[in-house]
Every structure is written in structure tokens, then in C-alpha cells.
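**Student:** Dropping a structure here in C-alpha cells format, bear with me for questions.
The values are calculated or read from the model by the stated rules, or taken from the named source; none is laboratory data. Just so you know, these numbers come straight off a predicted model, no measurement behind them. Methodologically, a virtual Cβ is constructed for each residue, glycine included, from the backbone with ideal geometry; neighbour enumeration extends over all protein chains shown.
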Amino acid sequence: MTIAIFLTSLMGAMTLGVPIAFSLLVCGVALMVHLNSFDTQILAQNLLEGANNYPLMAVPFFMLAGELMNAGGLSRRIVDVANALVGHVRGGLGYTAIIAAVVMASISGSAVADTAALAALLIPMMRKAGYNVPRAAGLIASGGIIAPIIPPSIGFVVFGVAAQVSITKLFMAGIVPGVMMGVALGITWWFLAKKEPLVNGGEFSLAKVASAIVSGTWALALPIVIIGGMKFGVFTPTEAAVVAVVYSLGVGLFVYGELKLAELPELMLAAAKTSSTIMFLVATALVSAWLITIADIPAQAVALLQPFMDSPRLLMLVMMLLVIVVGTALDFMPTVLILTPILMPVVRQAGIDPVYFGVMFIINNAIGLLTPPVGTVLNVVAGVARVNLDKVIKSVWPFLLAQTVLLFLFVLFPQLITGPAAWFR
């Protein structure tokens, strides 16, 4: 009965067009009424406590770092380096997009921001070179979802807070799977690039590569600073976000000179708008999470999944299929916030490594950014590239399939995540 009230109130509010954050509040109120414990003071207190969390301070700083990186010329120089390395081969701009997506993922942590930046930089070049633009847009969208996996990841920050799992361990565990997602895209693009009419984007030149690397040294150093600093305990993920902002600001203003002081208010406002949406979602979701615990919904979820408890791999498979289904209807952050308090007790009781589950869960939710009808990243790339959304959806399927196959490979072989994670920690 409790699960039915939870799902009916949440999905009913969303069906009526109520924004996700307020739908979560409606769900919380419905659970409180069902438990005969409705109290506006408790509701308000839990709403405030949901956002009053030190690790969540990383979210606005990482969002601002992404804005500064794009405006300050760091993103463009990363693309230039990748293009100098692989732009000469058949479908070279596609490989450029993949390499740039992996590197930029280690700076911003936002799939939407990375996708928008890559599409703005590369789609005009690919259109001019004669590439199939919808296919190129599908590739860039698929590369953009690597951002929530490779640290610094906003998804890992929110999941770590909601699940009470070490954010630093999640960051370190996401490095290798994120790179493998890039490799999977590269293999898929290798097959598809044979259909591209243009053979190359210029001759390979060591001088050109060296020039691009020298020009992009400051941009390429930022991922090393962030990941290295966390690996060796120099700073926490939250402090790393501040470091990323200061670094991007300094490089954009004083090294590359492309960032102007007059632009800062606009960039800070853009980051604040996105961050406020995420933070309000987190606050409302943690109200629901508290009531989910009070209503003993996790125990009911455990009971439903009890037949699979003896086989961790089968249980992971079932949970991943559940997340895939939910991800087609909900956006990334709401799915993370709604399912985390329900699934984590199941994960812990089954003896599954919470860090391994967290990486799998975020990968799955990132893939959900590519699945219609929601497909946030698809909408972003279609808008930036000025391509019909239906064409982008058709073109993204090979890349979506590659990422999904990789996800289930991680289910069968958890060591692909847990092994490298142990080394990085």
C-alpha cells in the first residue's frame, strides 16, 4: 500500500505537469498523510536540511568552472589538440569529438554543458567538411554523457550525498569506466565513419601537434590538477571544485586572455540558475528519502527483490533494467534522487560494493540522457546543431547500443570497475 501511494502521488503529480521538485514534495506530503504524521514544520526542516550539506557545495563550483572553461578558451584548445592528433584520418573529426569529450569530462562534470560546448565547436566544422550532421550530432551527444562518469562528476556528488558513499572513492572508480565508454564510441565510430564522404581533415604534422599541445598546455593540465589532487589527498572533491574555478578563471583571464571581467556576472548567473535547480531537486528529494525510510519502503523493495538476493550479478541485472526503464521517463537527477534511497538498502543487504553500484547506477542514468522521449542531451545537441530531433534520435542508436552493451559487460565483470578503483584509491 505504501509503495502504491508513493508511486501514485509522484507519477500523478508529474502527469499533471507539476515540476519534478514539487512532485517530490507532493509525494512527501502524501506519505506523511498516509503515516498520519503530517507536520509542516517537519517538512520545512527536512527541506532545509536536504540542502544543508557541505559536499553539495561542489555542485555550483563545478558548474561555474564549466562556464569559465567554455568562455575562457580552454574547451576550444582541448578540441584543437584532439583534432591535431586524429583530424587527418577518415572520420577524424568524430575521433576528435570523442577525445575532446573524455578530456572535457574531467573538467566540468556536466553532460549538458559538455555536449553544448562540443556541438558548438565541432558541428560547424563537421557540416562544412561534409559529414552526416545527424550522425555527428548523435556521436557528440553520446560523448557528452561521459561527463557524469569521469571525475569531477556532479552525478557522483549528488549520489554520494544521498547514499552516504565516499565521493572521492566514486570519483576514482569512475575514471576507467569513463575512458572505456570513450573507447566503445571510438570502435562504433570506426564502423560508421566508413560511410563518411570526406577522407581526412588535413595532413598529419608533428609540428601541428606540438603547437596545439603547447597552446593547450594550461587546459590539459586542469584534469591532472583535479584528479591528482584528490588521488593524493591534497584536497577533497568540494575543494577540488573551488580549485577548478580559480584555475579556469586565472587561465581564461591572464593566460589565454579570452575571458573578460564584464562576462563574469553573466557566467555566474548561468551557473547559479543551473545549480539552484539541482540543489532544490536534492532538497526536495531528501525530504522524500527521509519519508521513504520512515515508511519502510526500502524493506518492501528488499522483499520484492528477495528472489534475486542470492545472485549479486542477477540482482544487478534486474536493478539496471529497472533504471533503464525509469530513465526513459525521468531526467538524470530525478532518477538518481528517487531511486537511490530505495535501492541502496537492497545493495547493502545483498553485499554489493556500494561504490561499484554507484558507478553502475550513474552510468545507467547517463545513458538515460540519450533515451527518448526525455533525452535531455539529445534535445541540447539538436538545438545547438540545428538538426531535427527525430533525425538525431535515429542516428544515436548505434552509440546508445554500444554504451548499453558496455554497461551489461560491467554487470558480468565487476572487476572492470572494482579493480582499477582499488588502484586509484
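**Student:** Which of the residues that make up the stretch 46-88 are more than 20 Å from PHE171 (Cβ to Cβ) and aromatic (Phe, Trp, Tyr)?
**Tutor:** Hits for the stretch 46-88: nothing passes.
**Student:** Within the stretch 232-243, take every residue that is on the phi < 0 side of the Ramachandran plot and surrounded by fewer than 17 Cβ atoms within 10 Å (Cβ to Cβ) and give me the one that is modelled with the highest pLDDT.
**Tutor:** GLU239
**Student:** So, one more: What number of residues within the stretch 364-396 satisfy the criterion of being touching a residue at least 12 places away in the same chain (Cβ under 8 Å), assigned to a helix (DSSP H, G or I) and farther than 17 Å from ALA113 by Cα?
**Tutor:** Within the stretch 364-396, residues that are touching a residue at least 12 places away in the same chain (Cβ under 8 Å), assigned to a helix (DSSP H, G or I) and farther than 17 Å from ALA113 by Cα number 7.
**Student:** Then there is this: Answer yes if at least one residue in the stretch 120-131 is within 26 Å of ALA173 (Cα to Cα) and surrounded by 24 or more Cβ atoms within 10 Å (Cβ to Cβ), and no otherwise.
**Tutor:** no
**Student:** Just one of the numbered conditions (1) without any contact (Cβ under 8 Å) to a residue 12 or more places away in the chain; (2) part of a loop (DSSP other than H, G, I, E, B) is not true of ILE352; which one?
**Tutor:** (1)
**Student:** Evaluate the stretch 260-271: report whether one residue or more is modelled with pLDDT under 90 and under 26 Å from the mean Cα position of the chain (by Cα).
**Tutor:** The answer is yes; a qualifying residue exists.
**Student:** Name the helices (runs of 4 or more DSSP H) wholly inside the stretch 1-109 in which the number of residues that are closer than 30 Å to ALA244 by Cα is 1 or more.
**Tutor:** Hits in the stretch 1-109: 20-34, 40-51, 58-71, 74-86, 92-105.
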